[in-house]
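K.L.:
Sharing a structure below in structure tokens format, with a few things to ask.
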Amino acid sequence: MKVLSGMRPTGKLHLGHYFGVIKNWIELQEKHETLFMIADWHALTTNYKNTEQIKENVEQVMIDWITLGLDPKKSILFVQSEVKEELELFLIFSMITPKSWLEWNPTYKDMKLNLLKISDLELSFKGGLRDLVKEFLAKVPYQVEDFEALEDMLLDTVSDTFIRAVFEGMLEPELLKRLNVSKRDFYDTDTYGFLGYPVLQAVDILIYKADAVPVGEDQLPHIELSREIARKFNQLYGEIFPEPKALLTETPRLLGIDGRKMSKSYNNAIFFADDKEEVRQKVMRFFTDPQKLRKGDPGRPHICPVFFYHRLFTEGEKTKQIEADCMSGALGCVDCKRIMFDSLEKFLEPIRERRREVEKSIAEIKEVFQEGSKKAREIAKKTLEEVKERIKL
Ligand code: TRP
């Protein structure tokens, strides 16, 4: 079985990437022929306005992949844009892909919204929204300990809602003016390239004739589309492409420090590049059971993000004790977080050290990806030759 997957270079990797994606890839590379690509062209589809970060992000992903254990001796590790053959197949696939497949692609509409991140928008919008959040917080009659953290968290939460509301035309013109936005700012991804995102992904998969693609659930429609393109090509010109199947990973989604899914854009992630102090501060800011206000109050570990981490990183016996002591009220959240921090650090520290070493040899790491890209190109070339022969170009 040939396995391929890809990742858009959005920057440094966090714990969520490891438990959701990389850990699985590492297991797969032990048993199968594997290819893993950094999909930098895909980053362009949404980030064409801010391209200055992409190169740096690609390097950060390289460093993290190697640090975490993807092994160039076992896998072909490469960069999408190094394989120009993909573009030729992209063009050919564009000819045979009905527009409607792309427009009906259930992620298309969703992504158009979801991928709009506040950081892509005018800072003035963020500023205006922050003022609104401040105004709101000033009216809340509670004592707030870490005011700025709460402000950030709220800003993050409401920004998604605001973006959606603006997009759907639900906000008063008055408010829009105050936030300094117009609906036009939101059609960021209303482009030809973005519509074609899944066609490019189909190329990524099919040009290397992958049989299986480990992805998260959100990517299923894209894999389905790849299968349809493969089928259509095979019908028109003869069998060349295997129909790739998705390998769904059943890892529970890792929670961020606010209890939502860990994601860079939610500002709730713990990165492998974070130093110990940064991790400590993040752990101390973790959300806990809102009903447990002070030590002595009984807590509900099963809804607590901190306990979720204990289960992952603290030894079993200790975790049982923590569970009991939280529920009885004997253990306060601050102490509980301290224990969790120690457990988490046991996991993170060696990785952090390895990352520092890997970082020092970035030139060699880039070389590794150059080599990988060369191997990928060999495969792509062969497929492309077959393709062109079949369509008599
Ligand atoms: N679209 C994928 C994502 O956002 C990344 C990706 C690009 C990919 N090319 C791929 C995944 C090929 C699997 C196979 O997560």
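Since every read-out is calculated from the coordinates, none of them should be taken as a lab result. Please read these numbers as outputs of a predicted model, since none were measured by experiment. Reconstructed Cβ throughout: ideal geometry from the backbone, glycine too, with neighbour counts over all protein chains shown.
K.L.:
Can you put Tyr48, Tyr266, Tyr142 in order of Cβ neighbours within 10 angstrom, beginning with the fewest? All intermediate terms of the calculation are to be shown ahead of the outcome.
P.N.:
Values: Tyr48 14, Tyr266 17, Tyr142 7.
Ordered by Cβ neighbours within 10 Å, fewest first: Tyr142, Tyr48, Tyr266.
K.L.:
Follow-up question, since we're still on this one. Once the piece of chain linking Lys99 and Arg311 is laid out straight, how much longer is it, given 0.36 nm per residue of separation minus the C-alpha distance between them?
P.N.:
Numbers: separation 212, 0.36 × 212 = 76.32 nm, distance 4.66 nm.
Stretched fully, the Lys99-Arg311 segment lengthens by 71.7 nm.
K.L.:
Project the alpha carbons of segment 182-330 onto their principal axes and report the range along each, largest first, in whole Å.
P.N.:
Principal-axis extents of the Cα atoms in segment 182-330, largest first: 71, 46, 29 Å.
K.L.:
Relative to the compact globular guide of 2.2 N^0.38 Å, what is the alpha carbon radius of gyration of segment 146-245, as a ratio? Provide the component values of the computation, followed by the final result.
P.N.:
Details: Rg = 20.7 Å, N = 100, 2.2 N^0.38 = 12.7 Å.
That works out to 1.63 for segment 146-245.
K.L.:
Modelled label-to-label distance, Leu150 and Glu243, 7 Å Cα→beta-carbon offset: nm?
P.N.:
So the label points at Leu150 and Glu243 sit 5.5 nm apart.
K.L.:
Moving to a separate point now. Just to be sure I follow the rule: in segment 274-360, considering lysines 8 or more places apart or on different chains, how many pairs have Cα atoms under 17 Å apart?
P.N.:
10
K.L.:
What full-extension length gain, to one decimal in nm, is calculated for Lys381 and Met327 as 0.36 nm per residue of separation minus the Cα-Cα distance? Walk me through the intermediate numbers first.
P.N.:
Details: separation 54, 0.36 × 54 = 19.44 nm, distance 6.10 nm.
Extra length from Lys381 to Met327 when fully extended: 13.3 nm.
K.L.:
How big is the dipole moment of the chain about its Cα centre under a simple scheme where the beta carbon of each Lys and Arg is +1, that of each Asp and Glu is -1, and everything else is neutral? Debye, nearest 20, please. Show your work: numbers first, answer last.
P.N.:
On the way: 60 positive and 66 negative charges, 72 e Å.
Computed charge dipole of the chain: roughly 340 debye.
K.L.:
Rounded to two decimals, what ratio of Rg to Rh does the chain give with C-alpha atoms and a Kirkwood Rh?
P.N.:
Numbers: Rg = 23.4 Å, Rh = 23.3 Å.
Radius of gyration over Kirkwood radius for the chain works out to 1.01.
K.L.:
Another one. Where in segment 27-74 are there trypsin sites (Lys or Arg not before Pro) that are in a DSSP coil and have at most 12 other Cβ atoms within 10 angstrom of their Cβ?
P.N.:
Values: sites: Lys31, Lys49, Lys55, Lys73, Lys74; in loops: Lys49, Lys73, Lys74.
Passing sites in segment 27-74 are Lys49, Lys73.
K.L.:
Here is a further query. If the only charges are +1 at each Lys and Arg Cβ and -1 at each Asp and Glu Cβ, what is the size of the charge dipole of segment 146-275 around the Cα centre, to the nearest 20 debye? If you can, show how the numbers build up before the last one.
P.N.:
Values: 14 positive and 24 negative charges, 130 e Å.
For segment 146-275, the charge dipole is close to 620 debye.
K.L.:
Return P(r) of segment 254-393 (all Cα-Cα pairs; 5 Å bins starting at 0; whole %; ordered from short to long distances).
P.N.:
2, 9, 14, 15, 13, 9, 7, 6, 6, 6, 5, 4, 2, 1, 1, 0
K.L.:
Please list, by residue number, every one of the trypsin sites (Lys or Arg not before Pro) in segment 321-393 that is coil in DSSP and has at most 14 other beta-carbon atoms within 10 Å. Intermediate values should be presented prior to the final figure.
P.N.:
Values: sites: Lys337, Arg338, Lys346, Arg352, Arg354, Arg355, Arg356, Lys360, Lys366, Lys374, Lys375, Arg377, Lys381, Lys382, Lys388, Arg390, Lys392; in loops: Lys392.
Of the trypsin sites (Lys or Arg not before Pro), the ones in loops of segment 321-393 whose Cβ has at most 14 other Cβ atoms within 10 Å are Lys392.
K.L.:
Would you calculate, for the chain, the mean residue ellipticity at 222 nm contributed by helices, counting each DSSP H stretch of 4 or more residues as -39,500 (n - 2.57) and dividing by all residues, to the nearest 500?
P.N.:
Working: 17 runs with 224 residues, N = 393.
After summing the helix terms and dividing by residue count, I get -18000 deg cm²/dmol.
K.L.:
Of Lys55/Lys392; Lys49/Lys209; Lys23/Lys245; Lys99/Lys261, which pairs sit farther than 31 Å apart, going by alpha carbon to alpha carbon? List each step's numbers first, then the result.
P.N.:
On the way: Lys55/Lys392 37 Å; Lys49/Lys209 33 Å; Lys23/Lys245 20 Å; Lys99/Lys261 33 Å.
Result: Lys55/Lys392; Lys49/Lys209; Lys99/Lys261 exceed 31 Å.
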